[in-house]
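Structure record follows, encoded as structure tokens.
The values are calculated or read from the model by the stated rules, or taken from the named source; none is laboratory data. What you see is a predicted model; the values in this text were computed from it and never measured. Here Cβ is always computed from backbone atoms with ideal geometry, including for glycine, and neighbour counts include all displayed protein chains.
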Amino acid sequence: MNESITKVLNDNGVDKVAYFYRSTPLVGNAYTVCSLINTKKKRIESRGVSICSVADTYNKNKGRQKSMGRAIKALTRQRNFGKINPSGRDQDTVKREVKIKKPEDVMKFDKEKAAELQAINPDAEVTIIDGCSGNFLKKILFEIPLSYPIRLASENFKYKSQFRPNPAGGEETKLLNSISEDKGI
């Protein structure tokens with residue numbers, strides 16, 4: 001972390017930076033969260049959320065940088081920014097493909113990814129293409145709405161940059177509880 005970021009964090013009482021991620025079998029990482037925490041006051045000073053598009057390739061460092069930048073923005077300006085709006089992109093989709101090389105992997109696909117795909121869109125079209133003769137290879141083609149990771153993020157967060165938020169979801173609650181336990185409270 002560079003010196004100017006460290007100074008901003010110190011000036012605002014932040015002594016802990018925590019990241020967590022939400023991933024699913026179908027899309028992989030859906031979003032990255034950076035929480036800036038004041039352990040003495042046992043509170044989250046700010047939070048930044050970076051939502052990964054299903055059209056992009058996931059990059060952990062980029063997600064961490066973007067989420068931390070958003071958390072710092074909320075911390076320094078002491079306001080919320082970037083309301084998360086999950087509606088409006090349901091018509092746009094991205095085509096995805098899964099290659100299945102062994103017969104037992106079909107069951108795994110059905111159990112994990114097909115179940116999630118049905119939850120996203122019960123009317124989703126899935127195309128199965130058989131591979132070469134003599135080899136077991138299938139390609140399963142389907143489409144995912146661009147709004148899916150945004151919908152997942154909106155289940156726990158209202159803003160991409162949030163100042164002094166209440167803990168959202170289990171990760172931040174566990175984090176704050178562990179701080180209280182460490183201090184013997």
- Note on the structure: Considering segment 20-39, residues that are surrounded by fewer than 21 Cβ atoms within 10 Å (Cβ to Cβ) and hydroxyl-bearing (S, T, Y), and then whichever is farthest from the chain's Cα centre (by Cα), we arrive at T39
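Conditions (1) closer than 17 Å to R77 by Cα; (2) of a type in the set (G, A, S), marked per residue:
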position	(1), (2)
S4	yes, yes
K7	yes, no
K16	no, no
Y21	no, no
P25	no, no
N29	no, no
L36	yes, no
T39	no, no
- Filter segment 54-76 down to residues that are surrounded by fewer than 15 Cβ atoms within 10 Å (Cβ to Cβ), within 14 Å of the chain's Cα centre (by Cα) and not acidic (D, E), then give me how many there are. 5
- Query: Do any strands (runs of 3 or more DSSP E) lying entirely in segment 1-102 carry at least 1 residues that are β-branched (V, I, T) and farther than 30 Å from I128 by Cβ, and which ones are they?
  - Reply: 16-24, 28-38, 43-51
- Task: Return the residue satisfying two criteria in turn: it lies in segment 138-173 and is at pLDDT 85 or above, charged (D, E, K, R) and under 17 Å from the mean Cα position of the chain (by Cα), and of such residues it is farthest from Q78 (Cα to Cα).
- Result: R151
- Item | Top-ranked residue in segment 25-55 [being of a type in the set (V, I, T) and modelled with pLDDT of 90 or more; ranked as farthest from E97 (Cα to Cα)] | T39
- Among the residues of segment 77-101, write down those that are surrounded by fewer than 14 Cβ atoms within 10 Å (Cβ to Cβ) and not acidic (D, E). R77, Q78, R79, K83, N85, S87, G88, Q91, K95, K99, K101
- Task: Scan segment 135-158 and give yes if some residue there is among the hydroxyl-bearing types (S, T, Y) and assigned to a strand (DSSP E or B), otherwise no.
- Result: no
